[in-house]
Ligand code: ZN
């Protein structure tokens, strides 16, 4: 038995006090913290946040030695060995741990040393509220199995093994909890902070989305309960999937407001619903249907697989698809989202340099460690994976005259791999697709996965009555998804800067990069006209295609002048519409309309 003990000891100093005890020790014992957290494929070395470690055996101090960046060894002894440590927690993402006077969040991967060799042993964990009268109104929420807890949720919890223990993040603070049911299974949305949120609307929309995912998998839920553990922050955005919960971080403004008309569906709320939908779909696709390479995870080093395009890309396809299938958004709204996804892929010429399988394999050092070259050097296995999933779905529908689809592939994967806890081999996704299609799909998969050419979506979308169009950028904030009038374009993503606008991303096909401008440059003036975020489009509108104009930037504190040749951007912005204004039968079947 392994027992853990957690106290948010010094919220103002962001310090958790953590202990771990192992009974029946006989000899030396190794203790190790994971180097990464499943779902986020980067070595993060969580042990660097451990401030100190001491050891004792039944009240007597015990020698402990650090062996490497995340492994300790206690001296030879017999009995119950306990380690005590302080852990600094000030990462307000979903991947690590956070503690301040307002709320606390942790993943077990950040706090819980595992006694090596005892990965399969049952664990218990006690979590206490912060002391000092600070937080009498704090509550605790987690998907861990409660053993004995107070009405506020603090107390003891249990897990069958270490893998289960670290797959249950914990949120504490002034929590607001709203419940709903999906297939008679309790679900809850937990939000921290005293914010005015239309929780009724939020839960109604989430329930419809969750039911749509459950229906895809034959109305079977793979968990007894589900918690959306949500940290509400100023500007945060992100999620991480777990077996019966997800950890989410969102911006306050993205939540539905109480005074908002139900007919209004703001873009940021729609994006938020897509995020929740994404993490929930992972309950099947990655938490249970998972690559053989992750079965089991080796949390000490990189685990390589070429399949992230399927686990993240197919999930990215179904996250928005479930919004329209559930009726939470309309068809036009869905087509806008799809156009934005295709635009994100098409703007980056990195897709001509890296395949999605290579992107999956190198996630650890490339996708998760992006630099200025990223859009021109790598492809996202999320968005290009969603493009491939769409192409695959429409191909299967076309080949079978609408009788088979990617939905059938997902059900087959669930039956074969998810339900039986069998890892998916690297060729397993293609094999499942071929089984559903009843034919060899080498030509599709070779082009989609092992080559960098675009899969042409135009004829596939036409087969479900959808037109796909490509156009140039219509303004500097254009995301695609809608028709628009082409304008002169820098081919850059920009941000406000006190002196002008900062170039965040430069696309190699854009006029800014061709002019010699660089990521990080602060653009001051075009042809002597001052440039600011809200005036850039007006300044550009003064010129005609082919104009050569001087452009001034600050680079590393130096004023530099370049010559910019102004052109409309490449036609890499997608938008879609319904052919003849009315969805075809195949289209209605695809989107579950009517
Ligand atoms: Zn994901």
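The values are calculated or read from the model by the stated rules, or taken from the named source; none is laboratory data. All figures in this text were calculated on a predicted structure; none of them were measured in a lab. When we count neighbours, we look across all protein chains shown, and the Cβ atoms used for this are built from the backbone with ideal geometry, even at glycine.
Look at (1) within 16 Å of the ligand (Cβ to nearest atom); (2) surrounded by fewer than 24 Cβ atoms within 10 Å (Cβ to Cβ); (3) touching a residue at least 40 places away in the same chain (Cβ under 8 Å); (4) farther than 24 Å from residue 159 by Cβ and you find that residue 302 fails only one, number (1).
Of all the numbered requirements in (1) surrounded by 19 or more Cβ atoms within 10 Å (Cβ to Cβ); (2) within 26 Å of the chain's Cα centre (by Cα); (3) under 30 Å from residue 563 (Cα atoms), residue 512 misses one, and that requirement is (2).
State whether the residues of the range 559-568 include one that is surrounded by 13 or more Cβ atoms within 10 Å (Cβ to Cβ) and at pLDDT below 95. Yes, that holds for at least one residue.
Just one of the listed residues (171, 191, 206) is buried (at least 18 other Cβ atoms within 10 Å of the Cβ), modelled with pLDDT of 95 or more and within 30 Å of residue 21 (Cα to Cα), and it is 171. With respect to being more than 22 Å from residue 137 (Cα to Cα) and in contact (Cβ under 8 Å) with a residue 40 or more places away in the chain, residue 195 falls outside the description. Could we say that residue 190 is touching a residue at least 40 places away in the same chain (Cβ under 8 Å) and over 24 Å from residue 95 (Cβ atoms) here? So residue 190 fails the test.
Scanning the range 44-70 for residues that are in a loop (DSSP other than H, G, I, E, B), free of Cβ contacts under 8 Å to residues at least 40 places away in the same chain and under 26 Å from the mean Cα position of the chain (by Cα) turns up just one, 45. Scanning the range 9-48 for residues that are at pLDDT below 95 and crowded, with 19+ Cβ neighbours inside 10 Å turns up just one, 11.
Between 490, 524, which is crowded, with 17+ Cβ neighbours inside 10 Å, farther than 23 Å from residue 375 by Cα and at pLDDT 95 or above? Only one candidate passes the filter, namely 524. State yes or no: is residue 328 over 14 Å from the mean Cα position of the chain (by Cα), part of a loop (DSSP other than H, G, I, E, B) and under 20 Å from residue 217 (Cα atoms)? Spelling it out, residue 328 is indeed over 14 Å from the mean Cα position of the chain (by Cα), part of a loop (DSSP other than H, G, I, E, B) and under 20 Å from residue 217 (Cα atoms).
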